[in-house]
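Q: Quick one: this structure, given as structure tokens, is what I'll be asking you about.
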Amino acid sequence: MQDIKPLLVFAAVLKHGSMNAAAAALGMTPSAVSQHINRLETLHGIKLLNRSTRSLAPTDAGRALGEYCRRLAATLADTRTVIDNLKTEPVGELRISLTSSVISSHAFQTAFSRLQTEFPKIRPVLNFSDTLDDLQHNQTDIAIRGGDRALDDPNLVARHLVTWPYSICAAPDYLDRHPPITHPSQLHAHRWLHFLPVRTTLQHGGESYFLDIADSIACTHLAAVCSLTESGFGLSLQVGGEVREKIAQGRLKTVLPEWTLPPVSLYLVTPYRVQSAKTEAAVRIFTESFAKEADT
């Protein structure tokens, strides 16, 4: 195994682009990483990296060897996953990737509570990411993703959880400070917050209106958009199931509720078809909880 470790370290250096980044990912010191690379070069009499004070790039030999090192790292990761999948008891760390906004939904909170109650030996680790993570390389067990892009990667297994409508939302005090909104054409006069640019179509009966907001405050965090909206900073698009409780409590109001917007589907995604017992337990609980939410 000692002969394999330098190869795995080299693969990490190529993946992360620097000794320091590779060291952080591997839980090693930069000096230890450098020693492994030097040992590999000395042992085989080849130069693998061109180093400077500002950059690091593989040589031709480094690129050729790097491809095999990457395959070795991937095979080792798959082997560990298979071993983990052989465990029959739902136990251990469960890495869950999800958007920062979905935790507000009653369905997620129900599922999370059930998971802790029914399987106390499972230790959830929540990784909040509002972008599409590479699940197989980030060692994620399950992910909750919204939109059709959840189905983009053929190597992932996506299970439909629920389809929720979008709503235009605002804080009651924000609406109290402005004239009533009775038609989508009036929406352009308001301040907006967004995670993705606001370009959508509203429909009411036979009437259709394409809404394209040019001037809007961009946020890179979905939960921040909702929080700022609730604080009265402007209008935003929100997923119905994620703000249902806030609307019921009067913290948010739906703007133009008689107009409908395109819905968004949420999926539970796993990086492998064969699952460990802990992942299978979580998949069942989440699908059941979201299905029950969809029926209510």
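Q: Test each condition in (1) under 26 Å from the mean Cα position of the chain (by Cα); (2) in contact (Cβ under 8 Å) with a residue 24 or more places away in the chain for Ile83 and report the one that comes out false.
A: (2)
Q: Find all pairs meeting these conditions: Cβ atoms under 7 angstrom apart; at least six residues apart or on different chains; first residue within the range 159-177 and in contact (Cβ under 8 Å) with a residue 60 or more places away in the chain and assigned to a strand (DSSP E or B); second residue charged (D, E, K, R) and open to solvent by 10 Å² or more (accessible area, probe 1.4 Å).
A: If the second residue must be charged (D, E, K, R) and open to solvent by 10 Å² or more (accessible area, probe 1.4 Å), the pairs left are Val162/Glu293; Cys169/Lys253; Ala170/Lys253.
Q: Related question: Looking at the structure I just gave you, is Ala281 buried (at least 20 other Cβ atoms within 10 Å of the Cβ) and not polar (S, T, N, Q)? Walk me through how you get there before you give the answer.
A: On the way: buried (at least 20 other Cβ atoms within 10 Å of the Cβ): yes; not polar (S, T, N, Q): yes.
Considered against the rule, which asks whether it is buried (at least 20 other Cβ atoms within 10 Å of the Cβ) and not polar (S, T, N, Q), Ala281 comes out as yes.
Q: So which residues in the range 221-241 are at pLDDT 95 or above, assigned to a helix (DSSP H, G or I), open to solvent by 10 Å² or more (accessible area, probe 1.4 Å) and not hydrophobic (A, V, I, L, M, F, W, C)?
A: Ser227, Glu230, listed by residue number.
The values are calculated or read from the model by the stated rules, or taken from the named source; none is laboratory data. Given the structure is predicted, the values throughout are model-derived calculations rather than measurements. Virtual Cβ from ideal backbone geometry, glycine too; neighbours counted across all protein chains shown. Accessible surface areas use protein heavy atoms only, side chains included; no ligands, DNA or RNA. Shrake-Rupley method; radii C 1.70, N 1.55, O 1.52, S 1.80 Å.
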